[in-house]
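Shown next, in structure tokens, is the structure this report addresses.
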Amino acid sequence: MAITGYLAEFSLAEMFQFLEQGCKTGLLNICALTGSGVEGQKNHYIWFNQGRIVAAASSLNQQGLVTMIGQRGWLGDRAASRLSQTCTIGTPMGLCLKAQGALTAEQLKLLFYSQVMRQVCALFELGDGWFQFDPKVPLPAAEMTGLSAPATEVTLAGLRALKDWSALADKLPDSTSALISIIDGKPQLRLNQVEWQVWEFTSGSVSLSAIANQLRLPVEKIQQVAFRLVVSALAEEIPLIAEPISLTPETEPAELSVAPTEASAVSQSFLQNLVGFLRGKV
Amino acid sequence: MEIMRLVVTGPVGAGKSTFIRSVSEIEVVDTDRRATDETLMLKKRTTVAFDFGRLQFGPEMALHLYGTPGQSRFDFMWDILIRKAHAYILLVAAHRPHEFRSARRILGFMKQRSQIPMIIGLTHTDCPGAWDAENIAIALGYLDANRCPPIITVNPNQSASVAEAVIALVQHSMQGCLV
Ligand SMILES: Nc1nc2c(ncn2[C@@H]2O[C@H](COP(=O)(O)OP(=O)(O)O)[C@@H](O)[C@H]2O)c(=O)[nH]1
Ligand SMILES: [Mg+2]
């Protein structure tokens with residue numbers, strides 16, 4: 001089933017987390033809405049294989065990678081397409097050209113960096129856009145270097161460079177919330193210094209504002225770092241209770257004051273009666 | 001009186017109030033009767049911040065339903081509600097991916113404080129743009145199907161559908177730690 005929506009509702013960071021965690025394969029099409037009319041629309045295509053980003057392009061003409069190679073003067077368009085004729089169908093073009101000695105491993109890395117890391121990271125700046133993920137689209141061998149990156153690694157890089165966070169304002173963990181680690185041990189992803197500092201607090205009990213105090217950083221900054229840790233699937237937001245609990249008859253709602261402090265078990269016959277009663281209403 | 005308490009939680013607009021309204025039948029209590037806890041309860045009903053519904057299905061048996069407060073602030077009220085509850089259902093509007101993060105936040109809060117049985121009810125599955133259950137599970141962070149709570153579809157506007165959802169929740173908790 002294709003998934004469609006607007007980035008203002010489901011941000012690119014959330015989408016990448018979803019695609020990585022769901023080990024999704026397919027094509028993510030992002031149509032940036034920068035102005036009005038057709039001129040204000042610009043398409044971006046990102047291909048995923050098992051939750052990893054394998055290629056990106058601004059068109060579906062399958063010429064993006066060849067053009068990039070040509071621009072760097074490594075191989076003419078004609079030569080590249082002639083060599084690629086001999087590739088086994090489905091083999092990433094980059095790997096095929098490398099096998100034929102036309103490109104080096106280092107060149108493939110540079111290509112992947114410009115094609116995926118640079119282009120995709122820039123998309124985090126988009127204020128709004130329409131997106132569609134189609135899991136039925138086959139992988140584009142002609143656009144693939146053969147390298148890939150976990151979607152969340154790209155998210156981390158994209159969000160680190162992000163200047164304007166206003167589009168994500170209501171997605172950020174609350175300053176009264178804590179973070180709790182959801183991985184075993186330490187993150188495999190390379191974190192920067194402030195991310196490590198915040199990571200040290202992922203015990204589920206220290207609020208982001210308290211972390212900000214300890215690190216002497218603005219709380220907004222800590223919320224942004226916390227969001228990065230959350231969308232890269234390292235930590236989860238745990239809301240803390242705003243006020244201290246003091247159970248007085250005034251504060252406790254009347255419905256509940258009749259109830260015991262802890263839920264006591266209900267009997268099997270009660271449950272059977274209840275289910276029987278509800279079945280009558282179905 | 002034997003009472004089972006269920007909490008209905010979820011982001012704003014998920015359908016909590018509608019859900020509780022569809023299943024409860026709060027009768028007018030004869031005020032001449034001696035002031036039981038229950039009459040007190042009904043008088044104060046309008047002053048409290050959360051939805052409350054009741055379903056009496058036997059002389060000594062009742063189901064109480066509590067809806068968590070609308071705002072995303074997690075105050076002491078939430079804590080009281082979950083500590084006294086036997087089970088809860090998290091309602092998630094399937095067509096509003098905007099709210100998935102807020103649903104996750106609620107889950108984080110609940111899981112931290114309570115181990116009671118829970119299920120997830122997808123509402124608004126009849127609306128355009130609704131995500132399917134498998135994808136919503138991923139978006140909520142349930143990556144291992146074996147460790148995912150039961151996910152059902154429910155339309156809070158239909159009392160039969162709500163009755164089925166409550167049955168699913170009750171049956172799920174029967175398999176759990178209640179008895
Ligand atoms: N079409 C449709 N509307 C629903 C469904 N569930 C809830 N609604 C509507 O969504 C709106 C919000 O529901 P409400 O119970 O107030 O949500 P609450 O904020 O969680 O208490 C109401 O207009 C409901 O009738 C559903 O499954 N389908
Ligand atoms: Mg409500």
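With label points built 7 Å along Cα→Cβ from the Cα atoms of A:S205 and A:L162, find their separation and express it in nm.
In this crude label model, A:S205 to A:L162 measures out at 3.1 nm.
Using DSSP to define loop residues, name the GluC sites (Glu not before Pro) in segment B:48-150 whose beta-carbon has at most 15 other beta-carbon atoms within 10 Å.
Here the sparse-neighbourhood loop sites are B:E60.
Can you give the FRET efficiency for A:I89 and A:Q50, using 1/(1 + (r/R0)^6), R0 = 25 Å, r = Cβ-Cβ distance, to the nearest 0.05?
Working from the Cβ atoms, E equals 0.80.
Relative contact order for chain A: what is it in percent, counting Cα pairs under 8 Å that are at least 6 residues apart?
20
Peptide B:73-84: average number of partner chain Cβ atoms within 10 Å per residue?
6
How high is the relative contact order of segment A:3-160, in percent, counting Cα pairs under 8 Å that sit 6 or more residues apart?
Value for segment A:3-160: 38 percent.
Using 7 Å Cα-to-Cβ label points, what is the A:K281/A:R216 separation (nm, one decimal)?
6.0
If R0 is 60 Å, what FRET efficiency do you get for A:Q71 and B:N157 from their C-beta distance, rounded to 0.05?
It comes to 0.55.
For chain A, which span is the longest to avoid every loop-located (per DSSP) member of trypsin sites (Lys or Arg not before Pro) having at most 13 other Cβ atoms inside 10 Å?
By the stated rule (loop sites, at most 13 other Cβ atoms within 10 Å), A:1-71.
What is the ratio of the Cα radius of gyration of chain A to 2.2 N^0.38 Å, where N is its residue count, to two decimals?
Against the compact-globule rule of thumb, the ratio is 1.34.
Given the C-alpha centroids of segment B:56-121 and segment A:1-78, what is the distance between them in whole angstrom?
Spelled out, the Cα-based centre of one part sits 38 Å from the other.
With unit charges on the beta carbons (Lys and Arg positive, Asp and Glu negative) and the dipole taken about the Cα centre of the protein assembly as shown, which residue among A:Q63, B:Y66, A:F270 sits farthest to the positive side?
Farthest towards the positive pole: A:Q63.
Mean Kyte-Doolittle of at least 0.5 plus a Cα span of 15 Å or more along the axis: flag which DSSP H helices in chain A meet both, please.
Those that pass (Cα extent of 15 Å or more, hydropathy at least 0.5) are A:219-231.
What order do you get for B:C148, B:C127 when you list them from fewest to most C-beta neighbours inside 10 Å?
Lowest to highest Cβ neighbour count: B:C127, B:C148.
What distance in nm separates the simple spin-label points at A:K186 and B:N146, each placed 7 Å from Cα in the Cβ direction?
Each label point is offset 7 Å from its Cα along the Cβ direction, giving 3.0 nm.
Using a Gaussian network model of chain A whose springs link C-alpha atoms within less than 10 Å, name the residue from A:D170, A:D184, A:D128 with the highest mean-square fluctuation.
Among A:D170, A:D184, A:D128, the largest mean-square fluctuation in the Gaussian network model of chain A belongs to A:D184.
Read the figures in this text as sums done on the coordinates, not as results from a lab. Nothing here was measured: the structure is a model prediction, and the numbers come from that model. Cβ sites come from the backbone with ideal geometry, for glycine too, and all protein chains shown count toward neighbours.
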